[in-house]
Amino acid sequence: MADLYPLLLRPEFKERIWGTRDLSPIYAEAPGTAPIGEVWLTGDECRVTNGPLAGATLGELCKRFGRDLVGETARDPDRFPLLIKFLFPREKLSVQVHPDDDMAKQIGEPCGKTECWYVLKAEPGAQVGLGLKPGTTREQFAQAIREVRAEQLLNWIDIHEGEMIYVDAGTVHAIGPGSILVETQQNSDTTYRLYDYGRPRELHVEQGLRVMKEKTHAGKIARREDTLILTSCFIVDRQTWPNNNLANYWERADGGGPWPSARVFVAVNGSGVFRAEGYAPVLFNRGEAVIVPSTLEDFELRPQWELEFLRMSLPPAGEFLSSAHKEGRLTGSVTHRGTGTHQSTGDVA
């Protein structure tokens, strides 16, 4: 069996009617002729482009290596836990909702879909619809769907570059045009389209109304140093290198042994080189993702002139989450409300 090493993945470009042909400033060009709305960085069909495992898909490697790749905190040993995407909306996305873990089990899906959006770019006036307006009931929203006015009951908020937005499962939501978002989510593609502004696409109203919640924890997240968001489903950090203190970024396992989770690095500006003892260097550029397996204990990331990247992983289990909950740092927990670390959007706190 080949050893695991930092895995550079080839992005998958997904056609969407609400997408665009202009993927700048992330990608120089879009493949094909149709509008591209999503670029998947850690999808099951994304293929490794470097080293002895080149050509293998991420899904294949998860089944082959199991927890050596995904780590002990992953729910399933043979499935990558996080799906990372770039979103390029040029028109409004449908009004939609995703099931939580409990509802997903009832329909035979491996997990629900809690997600977050990092606003990489935003034109003036760019908005997202996040939850229902205060006081709106499920029945009122269902009536608005029938009357083709459902978007009027969404809580539309302005978004700006550098913001992080939390969207827990069960939140009715939509994305307007004029932004570039980096989405981190549980690895589920279960989406119920509730409303589509009259566009002739299939709706899933009955299923969506069943899994939606009138109130959720969705909202903008106040940043704490380098951590953009900490939830029970994922952690997202942001780093810009070189910084004031260190020329390179590095990670070392405390006390030896594997990391609890695989780590995903996404370059949003510049480029860098991963170096780990015994393995060939790995260059990754803006718009690319590198997965560092849980068994790779030590590595260094050297910027090429400059590098801005996001780092996604699962949170450690046990005491770490318990402490974060008690301290009000855990987004989505009941005690998180009103602590100042979560900025509520209307009544969607």
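The values are calculated or read from the model by the stated rules, or taken from the named source; none is laboratory data. What you see is a predicted model, and the numbers here were worked out from it, not measured in a lab. Cβ coordinates were reconstructed from backbone atoms using ideal geometry, including for glycine residues, and neighbour counts include every protein chain displayed. Calculation scope for accessible area: heavy atoms of the full protein, side chains included, ligands and nucleic acids excluded. Shrake-Rupley method; radii C 1.70, N 1.55, O 1.52, S 1.80 Å.
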Computed ³J(HN,Hα) along region 155-161: with the Karplus parameters 6.51/-1.76/1.60, θ = phi - 60°, integer Hz and x for glycine or proline, the list is 8, 7, 10, 6, 10, 9, 3
Across the chain, qualifying lysine pairs (alpha carbons under 20 Å, at least 8 places apart or different chains) come out at 19
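Computing the accessible area with a 1.4 Å probe over protein heavy atoms, can you report the carbon and sulfur percentage for the chain?
With neighbouring chains kept in place, the figure for the chain is 47 percent.
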Fraction of alpha-carbon pairs in the chain farther than 30 Å apart, rounded to whole percent, equals 35
Residue by residue through region 247-254, the couplings from Karplus 6.51 cos²θ - 1.76 cosθ + 1.60 with θ = phi - 60°, in Hz, x for Gly and Pro, are 7, 10, 9, 9, 10, 10, 6, 6
In Å, the Kirkwood estimate of hydrodynamic radius for region 127-227 over Cα pairs equals 14.7
Under a Gaussian network model of the chain whose springs join Cα atoms within less than 10 Å, the largest fluctuation of THR240, THR231, THR331 belongs to THR240
Note to self: with every protein chain in place and a 1.4 Å probe, the chain gives an accessible area per residue in Å² of 43
Once the dipole of the chain is set up from charges on Cβ (+1 Lys and Arg, -1 Asp and Glu), the residue from the list VAL128, LEU301, PHE320 lying farthest towards its positive end is VAL128
One finds the C-alpha centres of region 149-175 and region 260-303 to be spaced, in Å, by 32
Once phi for every residue in region 70-83 is put through the Karplus expression 6.51 cos²θ - 1.76 cosθ + 1.60 (θ = phi - 60°), the whole-Hz ³J(HN,Hα) values, with Gly and Pro written as x, are 7, x, 6, 7, 5, 4, 10, x, 10, 9, 5, x, 10, 10
The FRET efficiency for GLU72 and VAL205, from their Cβ-Cβ distance with R0 = 41 Å and rounded to 0.05, is 0.55
